[in-house]
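FYI, it's all coordinate maths here, none of it is from the lab. Nothing here was measured: the structure is a model prediction, and the numbers come from that model. With ideal geometry, Cβ positions are generated from the backbone for all residues, glycine too; neighbour counts draw on all protein chains shown.
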Amino acid sequence: MAAQDSRNELVTIFGGSGFIGRYAVRALARKGYRIRAACRRPDLAGFLQPMGDVGQIQPVQANLRFPDSVNRAVEGAHVVVNCVGVLSPTGAQTFDAVHDEGARAVARAAREAGARRLLHISAIGASATSPSRYAQSKAAGEAAVLEEFPDAIILRPSVVFGPEDDFFNRFASMARISPVLPLIGGGQTQFQPVFVGDIAAALAAAAEADGAGRPGTIYELGGPEVLSFRELLERTLEYAGRRRGFLPLPFWLAKLQALLTWPLPNTLRPITVDQVRLLQSDNVVSTSARDEKRTLASLGVTPAQSIGSIVPAYLERFRPKGQYSRYRG
């Protein structure tokens, strides 16, 4: 049962059935908020309802590309959270439509609905000067959000890990069938992976009227370890119980490989050209964010969960003899 709060405020979470969104739903429901989980397919979001008390969590239909549906979803909401994002464009779900125009639609609707707080999920590396369209669109979305809702709180996570992630799971799955894993750019790019549950805890803390989050501030969220791309792949193989070699790929060759696999569905493509561009820059919390106390710890989430405490449990299913094989002797 969720711990009920006498305040009983309403929170609308866009992307509530997604990777980060579902953890945000659980964390905010435990705080006693009523939750409106806005997603494109609410008929597939029934799994959210057991995360709270009866009637506390309600999936509703909304699509960031259609402002009328966004306006309906935020009606009467005290807090609005935008967790919607795409790692690669698909059809009408382009970077600009989701990260920029969609973010503006949410911020405008939140302001017009009189919401007291808007929380927006962006990404470390968001920059108008980045060579990556993903990072450019994230930066444009941040600017749009702050223009429409100046007191918004923006959270920029590094690579996010958790049971449903698209990083450790993807490379563990690749290790099942491939004798080598691609070491793009020599594997030197630095990351600071952050647990999805810690992001949800930060959202819940920032949602409070007297919470730790400072209005109009951009926070950078990273976990307790800074690791290279190669080190992350080595951890993946260790937890999945696999032995694989590495194939060093310079960035130009990785881009060529991505171009050759362009006709394949996103679920089958190992990497896109835009993702290769992202890998050319480190993805860690900046010195300025640490000095200005714009980090996970500043939002009251400490200590952050480590990769070693979370990832081995959900990569066990990728072991050669299957899940629980180590218990069989």
Amide H partners (placed H, <5 Å) of Arg117, local residues excluded: Val80
Antiparallel %, DSSP beta bridges [both residues in the chain], to 5: 10
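Compute and list, largest first, the equivalent-ellipsoid semi-axes of the chain from the alpha carbon gyration tensor, each √(5λ) rounded to a whole angstrom. Each step should come with its number before you reach the end.
Working: eigenvalues 211, 104, 75 Å².
They are 32, 23, 19 Å, listed from largest to smallest.
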Amide H contacts of Ala62 (H built 1.01 Å from N, under 5 Å, at least 5 apart or other chain): Cys39, Arg40
Under 26 Å from Lys255, Cα to Cα: lysines that are on another chain or at least 8 residues apart: Lys138
Shape call, segment 185-329: gyration tensor on alpha carbons, a/c limit 1.5: oblate
Net charge dipole size for segment 141-277 [Lys, Arg +1 and Asp, Glu -1 on Cβ; Debye, nearest 20]: 1060
Amide H contacts of Leu183 (H built 1.01 Å from N, under 5 Å, at least 5 apart or other chain): Leu247, Leu249
Relative contact order (%) - segment 154-288, alpha-carbon pairs under 8 angstrom, separation at least six: 37
Ellipsoid equivalent to segment 1-153 - semi-axes via the Cα gyration tensor, in Å: 26, 16, 14
In order through segment 291-304: 3J(HN,Hα) via Karplus (6.51 cos²θ - 1.76 cosθ + 1.60), integer Hz, x for Gly, Pro: 5, 8, 6, 10, 10, 4, 5, 5, 9, x, 9, 7, x, 6
Vicinal HN-Hα couplings computed from phi for segment 84-91 (Karplus, 6.51 cos²θ - 1.76 cosθ + 1.60; Hz; Gly/Pro x): 6, x, 10, 7, 8, x, 9, x
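Give, rounded to the nearest 20 debye, the magnitude of the charge dipole that segment 283-323 has about its Cα centre when Lys and Arg contribute +1 at Cβ and Asp and Glu contribute -1 at Cβ.
Value, rounded to 20: 200 debye.
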Test item: Cα-centred dipole of segment 1-111, Lys/Arg +1 and Asp/Glu -1 on Cβ, debye: 160
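Could you work out the relative contact order of the chain? I mean the mean sequence separation of Cα pairs under 8 Å and 6+ apart, divided by the number of residues, in percent.
16
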Computed over segment 89-174, Kirkwood Rh from alpha-carbon pairs, angstrom: 14.0
Shape of segment 104-253, Cα gyration tensor, a/c cut at 1.5: prolate
P(r) of segment 15-71 over all Cα-Cα pairs, binned every 10 Å from zero, in whole percent: 27, 55, 18, 1
